[in-house]
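This report refers to the structure that appears directly beneath it.
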Amino acid sequence: MRPQQAPFPASRLRRTRQSEGVRALVRENALSRGDLIWPVFVRSGAGIEEPVPSMPGVFRRSVDKVVDAAREAADLGIGAMCIFPYTGVEDRTEDCEGAWDPENNANRAIRAIRDAVPEMVIMTDVALDTYNINGHDGFVEDGTIVNDRTVEALVKMALAQADAGAHIIGPSDMMDGRIAAIRSGLEEADHTDVMIMSYAAKYASAFYGPFRDAVGASGALTGDKKTYQMDYANSNEALRLIERDLREGADMVMVKPGMPYLDICHRVKSTFGAPTFAYQVSGEYSMIKAAAQNGWIDEQRIMIESLMGFKRAGCDGILTYFAPAAARLLGA
Ligand code: PBG
């Protein structure tokens with residue numbers, strides 16, 4: 001679509017920028033509290049709110065504190081949260097059985113939020129990395145990350161989350177065939193309304209560094225994730241992955257990381273028109289925080305500008321650690 005333009009001076013494009021009132025009239029995109037999903041980290045214990053050093057303003061919370069956070073989020077008008085477990089080395093195993101334990105910290109948090117804040121939409125993370133002794137998203141056999149055995153485990157993990165009351169299952173593992181397997185597992189278990197948001201285009205990225213500290217995976221990870229997460233030089237491959245996951249039954253798709261991948265967000269939305277989300281990941285958050293703490297940038301303005309960029313690129317919503325701060329600024 002190309003608007004017809006009169007030559008200057010009939011056309012002066014500054015006319016529609018002359019005041020906030022006019023700018024508001026012609027504004028093309030909007031950011032609201034309903035667009036935000038807030039990722040939170042849950043750990044064992046009670047009454048604990050432990051700061052994550054590499055992510056200022058982000059905490060690992062015990063289940064009771066996650067519930068308090070959910071209440072605060074609901075009061076701020078945030079409609080959705082995503083639960084990530086922090087797991088110490090002592091709770092990691094080669095078989096990753098903690099991942100589908102109905103009583104693991106993530107599943108306990110899901111149940112507790114469902115009880116205390118029933119209107120909150122709860123999303124999960126499906127991948128073995130937070131339970132794996134070697135920090136990988138799949139089982140490792142002879143140094144190789146194996147696909148099909150991992151998918152069977154991911155289905156068990158997703159079912160335990162759905163049983164706990166999760167609304168949106170978020171497979172972030174990048175194994176092949178997991179969306180179809182999880183979808184049919186959910187249907188067979190009568191979880192017909194439980195949604196899947198596929199981390200369909202997830203890149204092997206250095207921007208996840210602070211997150212791996214937050215979930216206790218940094219020390220654990222051996223090698224890299226390049227045999228399953230995407231090569232950041234690729235764009236067509238992202239579209240193939242998104243199409244595949246939509247065909248397998250994903251209700252929503254995600255691009256991750258966010259800001260360096262706005263071209264992918266735009267291609268995905270304009271090609272498929274499906275509900276599209278971006279994850280403004282830990283490294284993006286921490287870069288903004290660090291620069292703001294140095295007094296080099298205006299944190300609030302950069303935060304809103306970066307979130308609006310996702311909307312302009314075509315995203316329906318954003319997973320962001322800034323969710324509470326942004327919701328405070330955005331209001332109703
Ligand atoms: C685990 C997972 C990761 C993130 C979300 N789920 C890390 C990884 O793939 O190593 C990253 C989130 C962030 O950086 O904020 N599969």
(message) Condition (residue is more than 23 Å from Ala204 (Cα to Cα) and either crowded, with 22+ Cβ neighbours inside 10 Å or at pLDDT 95 or above (or both)) applied to the range 230-244: is it met by at least one residue?
(response) no
(request) Search the range 136-177 for residues being within 14 Å of the ligand (Cβ to nearest atom) and of a type in the set (Gly, Ala, Ser), and hand back the single one that is farthest from Ala112 (Cα to Cα). (result) Gly138
(message) If I ask for residues that are within 16 Å of the ligand (Cβ to nearest atom), in contact with a Pro (Cβ under 9 Å, 6 or more places away or on another chain) and in a helix (DSSP H, G or I), which ones from the range 257-300 would you list?
(response) Ser282, Gly283, Glu284, Tyr285, Ser286, Lys289, Ala290
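Rundown of residues vs (1) of a type outside the set (A, V, I, L, M, F, W, C); (2) within 26 Å of Arg328 (Cβ to Cβ); (3) surrounded by fewer than 23 Cβ atoms within 10 Å (Cβ to Cβ), yes/no style:
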{"site": "Gly77", "(1), (2), (3)": "yes, yes, yes"}
{"site": "Pro85", "(1), (2), (3)": "yes, no, no"}
{"site": "Glu90", "(1), (2), (3)": "yes, no, yes"}
{"site": "Asp101", "(1), (2), (3)": "yes, no, yes"}
{"site": "Asn104", "(1), (2), (3)": "yes, no, no"}
{"site": "Ile113", "(1), (2), (3)": "no, yes, no"}
{"site": "Met123", "(1), (2), (3)": "no, yes, no"}
{"site": "Ala127", "(1), (2), (3)": "no, no, no"}
{"site": "Thr130", "(1), (2), (3)": "yes, no, no"}
(request) Looking for whichever is surrounded by fewer than 20 Cβ atoms within 10 Å (Cβ to Cβ) and touching a residue at least 12 places away in the same chain (Cβ under 8 Å) here; the options are Lys202, Lys226. Which one fits? (result) Lys226
(message) Quick check on my filter: what residues within the range 301-332 are among the β-branched types (Val, Ile, Thr) and either surrounded by fewer than 19 Cβ atoms within 10 Å (Cβ to Cβ) or part of a loop (DSSP other than H, G, I, E, B) (or both)?
(response) Ile302, Ile304
(request) Counting only residues that are within 16 Å of the ligand (Cβ to nearest atom), give me the strands (runs of 3 or more DSSP E) lying completely in the range 18-108 with at least 2 of them. (result) 36-43, 59-62, 80-85
(message) Here's a check for you: in the range 109-135, which residue that is in contact with a Gly (Cβ under 7 Å, 6 or more places away or on another chain), outside any loop (DSSP other than H, G, I, E, B) and within 15 Å of the ligand (Cβ to nearest atom) is nearest to Ile168 (Cα to Cα)?
(response) Met123
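The values are calculated or read from the model by the stated rules, or taken from the named source; none is laboratory data. These numbers were taken from a predicted model, which means no experiment stands behind them. Backbone-built Cβ (ideal geometry, glycine too); neighbour counts: all protein chains shown.
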